[in-house]
């Protein structure tokens, strides 16, 4: 690359006279390298969610023939539309970490440089039914959260990109702006286990949709969730038989250190504008990319940072490390989904539960240790006891619910759960599946082995044989949760 093609801010990172006699320029050269290395590490964490999100837009090509279920396991769609499932996400899948077993999903990615997107919200929703459309930018920051929690009316919203200019079209409730061209669109509709509850969830989800503005017509659309979910698409050479025989074939990290900087450049090229909070680091990233392209030595140094960063981020993002103390041995990220300039926290979330909702919509509590600080292991038995009236306080009138989910050490559901459970919570309580103690308290049992005691067996959440992690979701949290006044009970080893 010609020297004058490299921006000044990148060229200045080269010491002017590194080859002075008697090694006189070595110190300056090392100083500059140290600065570049430190900056590259920050940019790696900052850019990790963007690379992750942009990589997921490969669904546009895989699902180009129409929306459906990618590999039969999770929703996928062409750009600017939604794909759907018609039931809980399969516990057998090994691609999406920490899914919930409380809602049915719809999902897709928008390319707002191609066209604005019509977002349809449901008009017919039973009182107290939870639904949401979560909209995130390239970096996974929640930019808009529509749904029952915010009492969003049914109708049409227009999602536009940073370059869009115009007035709100007739028949639309509001124009929503994304700071980046690429946006993630995630619909959720709560369901209990019964056929009637699932039918209701599908009916609500079938009123939630996305499509390009160019295809808009007066009136509301209905999306056949079940038919779309049954359009199962398998990118070659994968087949249903291959995935069934080896689910771990999908256990592929969405961000690859070896290609990170090239992938980041592609993401930024497709998203020349970003939010005000991300703009300074976007400039720094472009400086590093230009420096990397200017000299093999700089490329080697910057590439090495990505390799080290990938190793570090997966250690920092363990459930027994991430977040801050929330009482009772649990941790939480207090700014979930609304990251601002918290590039570190946002990157960790991308590893362990990407696309978390705005914390005012849902608060997530995590842990990987017991009350004594030891890692949770399936060979032991643990209890979690909620005192009478002490379950997580959520706003049921706006669809709120809570659940305690069990994940293995890699944050996937336990396959082949002996009682079919991957979580416990509101759904089980409303179905009268759990047994309360005489004093009104509720004790849940977590173990790999089935409990001998009848009450413990009724309240049993099966664990894997090895290490496991826990996540409590509180959807539509009350002020008691948001303020931190509510504290979850400890996880106590019983044997």
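Numbers below:
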{"quantity": "Qualifying position, being farther than 23 Å from residue 111 by Cα, free of Cβ contacts under 8 Å to residues at least 40 places away in the same chain and part of a loop (DSSP other than H, G, I, E, B), among 87, 19", "calculated": "19"}
{"quantity": "Hey, residue 287 within 22 Å of the chain's Cα centre (by Cα) and either farther than 27 Å from residue 406 by Cβ or at pLDDT below 95 (or both) or not", "calculated": "no"}
{"quantity": "Qualifying position, being touching a strand residue (DSSP E or B) at 6+ places or on another chain (Cβ under 6 Å) and either buried (at least 17 other Cβ atoms within 10 Å of the Cβ) or not in a loop (DSSP other than H, G, I, E, B) (or both), among 348, 404", "calculated": "404"}
{"quantity": "Members of the range 185-205 that are touching a helix residue (DSSP H, G or I) at 6+ places or on another chain (Cβ under 9 Å) and surrounded by fewer than 23 Cβ atoms within 10 Å (Cβ to Cβ)", "calculated": "192, 193, 197, 202, 203"}
{"quantity": "Any chance residue 35 is outside the structural domain of residue 366 (by TED's automatic domain parsing) and either buried (at least 22 other Cβ atoms within 10 Å of the Cβ) or in contact (Cβ under 8 Å) with a residue 60 or more places away in the chain (or both)", "calculated": "no"}
{"quantity": "Scan of the range 68-83 for residues that are assigned to a loop (DSSP other than H, G, I, E, B) and modelled with pLDDT of 95 or more, ordered by number", "calculated": "77, 78, 79, 80, 81, 82"}
{"quantity": "Matching residues in the range 408-440 - criterion: being closer than 17 Å to residue 458 by Cβ, in a loop (DSSP other than H, G, I, E, B) and under 29 Å from the mean Cα position of the chain (by Cα)", "calculated": "417, 418, 419, 420, 421, 422, 431"}
{"quantity": "Helices (runs of 4 or more DSSP H) fully within the range 222-295 counting 2 or more residues that are surrounded by 20 or more Cβ atoms within 10 Å (Cβ to Cβ) and in the same structural domain as residue 66 (by TED's automatic domain parsing)", "calculated": "225-229"}
{"quantity": "Residue among 368, 378, 323 that alone is buried (at least 18 other Cβ atoms within 10 Å of the Cβ) and either over 20 Å from residue 100 (Cβ atoms) or within 14 Å of the chain's Cα centre (by Cα) (or both)", "calculated": "378"}
{"quantity": "Contacts under 7 angstrom Cβ, first residue in the range 259-273 being touching a residue at least 60 places away in the same chain (Cβ under 8 Å), partner part of a loop (DSSP other than H, G, I, E, B), 6 or more apart", "calculated": "267/138; 270/181; 271/138; 271/180; 271/181; 273/162; 273/179; 273/180"}
{"quantity": "Number of the condition not met by residue 218 [criteria: (1) over 30 Å from residue 266 (Cβ atoms); (2) outside any loop (DSSP other than H, G, I, E, B)]", "calculated": "(2)"}
{"quantity": "Single match in 97, 43, 51 (criterion: in contact with a helix residue (DSSP H, G or I) (Cβ under 9 Å, 6 or more places away or on another chain), in a loop (DSSP other than H, G, I, E, B), touching a residue at least 60 places away in the same chain (Cβ under 8 Å) and closer than 21 Å to residue 259 by Cβ)", "calculated": "97"}
{"quantity": "The range 150-204, residues that are closer than 20 Å to residue 88 by Cβ and assigned to a loop (DSSP other than H, G, I, E, B)", "calculated": "191, 192, 193, 194"}
{"quantity": "Some residue of the range 307-318 being assigned to a loop (DSSP other than H, G, I, E, B) and either more than 22 Å from residue 277 (Cβ to Cβ) or modelled with pLDDT of 95 or more (or both)", "calculated": "yes"}
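The values are calculated or read from the model by the stated rules, or taken from the named source; none is laboratory data. Keep in mind that what you see is a predicted model, and the values were worked out from it rather than measured. With ideal geometry, Cβ positions are generated from the backbone for all residues, glycine too; neighbour counts draw on all protein chains shown.
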